[in-house]
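Structure record follows, encoded as structure tokens.
The values are calculated or read from the model by the stated rules, or taken from the named source; none is laboratory data. None of these values were measured; they are calculated from a predicted model. All Cβ positions, glycine included, derive from the backbone under ideal geometry; neighbour counts span all protein chains shown. Just so you know, the surface numbers come from the protein's heavy atoms only, side chains and all, with ligands and any DNA or RNA stripped out. Shrake-Rupley method; radii C 1.70, N 1.55, O 1.52, S 1.80 Å.
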Amino acid sequence: MKKVVKFGGSSLASAEQFKKVGEIIRADKERKFVVPSAPGKRDADDAKVTDMLYACYGLAEEGKDFKAQLNEIKARYQEIIDGLALELSLEDEFRTIEEKFKEKAGDNYAASRGEYLNGIIMAMYLGYEFVDAAEVILFGEDGEFDSETTNKMLRERLKGVEAAVVPGFYGAYEDGTVKTFSRGGSDITGSILARAVQANVYENWTDVSGFLIADPRIIYRPEGIETITYKELRELAYMGASVLHEDAIFPVRREGIPINIRNTNSPNDNGTWIVESTCQKSKYVITGIAGKKGFCAINIDKDMMNSEIGFGRKVLQAFEENGISFEHVPSGIDTMTVFVHQDEFMHKEQQVVSAIHRLADPDHIDIEGDFALIAVVGRGMKSTRGTAGRIFSALAHANVNVKMIDQGSSELNIIIGVSNADFETAIKAIYDIFVLMQI
């Protein structure tokens, strides 16, 4: 078996954390390929190295002296090196970084150095080969990740390599210019690597023991999720669940490689398994609850709308023309509602209203703001009767007014719209009816 293991910033924030990671890797000889993030916060008042690099490069870009800030970053790494008793000097690397900053190499380059330097330290600490991600992870001219070329390059580079460290978060264009993924992109690197080496498991180590059924900031000590499918995860991640970067599932999904979310500080916990499909039943009818505040609803009324061919396309064209994406579009015979992010829409609302009138000629348009959308997700809902009824009952009992409900044909999720003020109350009510009442 081969395992790819990715460790987040909190797992590598200090020499003490590095030692925990080393013990985890050495405890299983199948953990052959390692993806490190940049050092995270050592405590609540600390700074992440990536943020320090952004700030340092910001000074360089303005033509200001950044030496003191770069020395602070250097000290963070030296503290790790000394704590691990490694005979390693990063002086040459920091000289190169300083020169590149003066040349204004770009904030992508600056941000990537956190993972790059941590990768060098990790490779020496483990005795693994270091492979620079800029040499094996390719982006096209349009800035999009080139998955197929990358897969071939990585397989070729790692052919015959027994064990390797590949830094997360970045790759490069064909000309060698460094390009990063979005924040949290080391998760994606781990997934790309797992696909390339045809790993049996992709272990993603972080500071929590997997996914929880609900946000612990809203629910006190919520139950954990043992197994979740890729589809369920996509639904929850889209609505705010953020243990794993939402794009990290795509490379492994096409190969059927499971992801195991694990806790560096509690390595004996089983964590959460993310799989393509499973015959295992969920412990509860629902797998998870997630949501976001800050939506608004644009209600469009027109008599005989249902018999007018192309009406929906015309309405959505008005949003497209103004660069606004929609979230959900529930509709009736003579009504259609479009949910959008309020902060995106509010500055263009009158342009959109005018465009809808011009393109679709509605009878009436009404706008309502301060909505929250909550996703109740679970493969178990498909085979369980009365799920929606139980949700409505729980919300009515909690005095929450449901303003919208939308269920996909897959029966995998139910989206509920409530006012922002009722958001937390609604999530508590749903959690109680499906989880607490079954414990």
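Just need the relative contact order of the stretch 11-65 here, percent rounded to a whole number, with Cα pairs under 8 Å and 6+ apart.
Numbers: 34 pairs, mean separation 16.0, N = 55.
Answer for the stretch 11-65 is 29 percent.
Taking every pair of alpha-carbon atoms in the stretch 270-393, what share in percent sits in each 10 Å bin, from 0 to the bin with the longest distance?
So the P(r) values, bin by bin, are 11, 33, 24, 21, 9, 1.
Just reorder TRP205, TRP273 by solvent-accessible area, largest first, 1.4 Å probe, all chains present. The partial results should precede the final answer.
Values: TRP205 0, TRP273 90 Å².
I get TRP273, TRP205, largest accessible area first.
Round to the nearest 0.05 the FRET efficiency obtained for LYS281 and GLU411 when R0 = 22 Å and r is the Cβ-Cβ distance. Can you show the working numbers first?
On the way: r = 15 Å, r/R0 = 0.69.
E(calc), rounded to 0.05, equals 0.90.
So what is the orientation-averaged projected area of the stretch 30-69, using the convex hull of its C-alpha atoms, in nm²?
Working: hull surface 17.7 nm².
Seen from a random direction, the Cα hull of the stretch 30-69 projects 4.4 nm² on average.
If you plug each phi of the stretch 418-432 into the Karplus form 6.51 cos²θ - 1.76 cosθ + 1.60 with θ = phi - 60°, what whole-Hz ³J(HN,Hα) values come out, in order, with x for Gly and Pro?
After applying 6.51 cos²θ - 1.76 cosθ + 1.60, I find 9, 6, 3, 5, 9, 4, 5, 4, 5, 5, 4, 5, 5, 4, 4 Hz.
Once you have the alpha carbon radius of gyration of the stretch 1-59, what is it after dividing by 2.2 N^0.38 Å, with N set to its residue count?
Numbers: Rg = 13.8 Å, N = 59, 2.2 N^0.38 = 10.4 Å.
In units of the 2.2 N^0.38 Å rule of thumb, it is 1.33.
Taking a probe of 1.4 angstrom, what is the accessible area of THR278 in Å², to the nearest 10?
Surface open to solvent at THR278 totals about 40 Å².
Counting pairwise Cα distances across the stretch 12-170, what percent come out greater than 28 angstrom? Please report the intermediate quantities before stating the final value.
Details: 3101 of 12561 pairs.
Counting every Cα pair in the stretch 12-170, those more than 28 Å apart make up 25 percent.
Can you tell me which of 421-430, 135-144 comes out highest on packing, and rank the rest after it, using the mean Cβ neighbours within 10 Å?
Working: 421-430: 19.6, 135-144: 15.7.
Going from most to least packed, we get 421-430, 135-144.
Apply the a/c threshold of 1.5 to the C-alpha gyration tensor of the stretch 223-287 and tell me whether it is rounded, prolate or oblate.
Details: a/c = 1.26, a/b = 1.11, b/c = 1.14.
Rounded.
Cα convex hull of the chain: how many Å³ per residue?
On the way: hull volume 76.9 nm³, N = 439.
Cα convex hull per residue, to the nearest whole number: 175 Å³.
Label ALA398 and GLU98 with points 7 Å out from Cα along Cα→Cβ: what is the distance between them in nm?
It is 5.6 nm.
Which three lengths, in whole Å and largest first, does the stretch 321-383 cover when its Cα atoms are put on their principal axes?
45, 29, 20
With +1 assigned to the C-beta of every Lys and Arg and -1 to the C-beta of every Asp and Glu, and no other charges, what is the dipole magnitude of the stretch 1-126 about the Cα centre in debye, to the nearest 20? Could you put the intermediate results ahead of the total?
Values: 21 positive and 23 negative charges, 138 e Å.
The calculation lands at about 660 debye.
Taking only C-alpha pairs under 8 Å that are 6+ residues apart, what is the relative contact order of the chain in percent? Don't skip to the answer; put the middle values down first.
On the way: 846 pairs, mean separation 57.3, N = 439.
With pairs under 8 Å counted, the relative contact order is 13 percent.
Given all pairs of different Cα atoms, what value in angstroms does the Kirkwood hydrodynamic radius of the stretch 174-325 take? Could the numbers behind the result be given before it?
Details: mean 1/r = 0.0547 Å⁻¹.
Computed over the stretch 174-325, the radius equals 18.3 Å.
At what distance in angstrom do the alpha carbon centres of the stretch 27-68 and the stretch 323-338 lie from each other?
42 Å
Using 10 Å bins from zero, what percent of all Cα-Cα pairs in the stretch 131-187 falls into each bin?
P(r) for the stretch 131-187, in whole percents per bin: 24, 57, 18, 1.
Between rounded, prolate and oblate, where does the stretch 41-105 land on the alpha carbon gyration tensor, with a ≥ b ≥ c its root eigenvalues, rounded for a/c under 1.5, else prolate if a/b exceeds b/c? Mind showing how you got there, number by number?
On the way: a/c = 2.93, a/b = 1.35, b/c = 2.17.
Oblate, because a/c is 1.5 or more while a/b does not exceed b/c.
Work out how far the C-alpha atoms of the stretch 325-439 reach from end to end along every principal axis, then list the three figures in whole Å, largest first.
54, 29, 21
Once the Cα gyration tensor of the stretch 275-315 is found, what semi-axes does its equivalent ellipsoid get, as square roots of 5 times the eigenvalues, in whole Å, sorted largest first? Please report the intermediate quantities before stating the final value.
Details: eigenvalues 295, 62, 21 Å².
Values for the stretch 275-315, descending: 38, 18, 10 Å.
Residue by residue, what Karplus-based ³J(HN,Hα) values in Hz, rounded to whole numbers, does the stretch 26-31 have, using 6.51, -1.76 and 1.60 with θ = phi - 60° and x for Gly and Pro?
Values per residue, Gly and Pro as x: 6, 6, 9, 5, 7, 7 Hz.
Once phi is turned into ³J(HN,Hα) by the Karplus curve 6.51 cos²θ - 1.76 cosθ + 1.60 with θ = phi - 60°, what whole-Hz value does each residue of the stretch 384-391 show in order, with x for glycine and proline?
Residue by residue, the stretch 384-391 yields 10, 7, x, 4, 4, x, 5, 5 Hz.
Can you compute the charge dipole magnitude of the stretch 69-141 about its Cα centre, using +1 on each Lys and Arg Cβ and -1 on each Asp and Glu Cβ, nothing else charged? Give it in debye, rounded to the nearest 20. Please list the in-between numbers first.
On the way: 7 positive and 16 negative charges, 42 e Å.
Using Cβ point charges on Lys, Arg, Asp and Glu, the stretch 69-141 gives about 200 debye.
Stretched out fully, how many nm does the piece from ASP303 to GLU368 gain, at 0.36 nm a residue minus the Cα gap? Write down the numbers at each step before the final one.
Details: separation 65, 0.36 × 65 = 23.40 nm, distance 2.07 nm.
Answer, rounded to one decimal: 21.3 nm.
So what is the relative contact order of the stretch 151-247, in percent, for Cα pairs below 8 Å that sit 6 or more residues apart? Don't jump to the answer; show the numbers that get you there.
Values: 82 pairs, mean separation 20.8, N = 97.
Value for the stretch 151-247: 21 percent.
Tell me the mean residue ellipticity at 222 nm calculated for the chain from its helices only (DSSP H runs of n ≥ 4, each -39500 (n - 2.57), averaged over every residue, nearest 500). Don't jump to the answer; show the numbers that get you there.
Working: 14 runs with 161 residues, N = 439.
After summing the helix terms and dividing by residue count, I get -11000 deg cm²/dmol.
Evaluate the charge dipole of the stretch 283-392 about its Cα centre and quote only its size in Debye, nearest 20, assuming +1 on the Cβ of each Lys and Arg and -1 on the Cβ of each Asp and Glu.
Numbers: 12 positive and 15 negative charges, 199 e Å.
About 960 debye.
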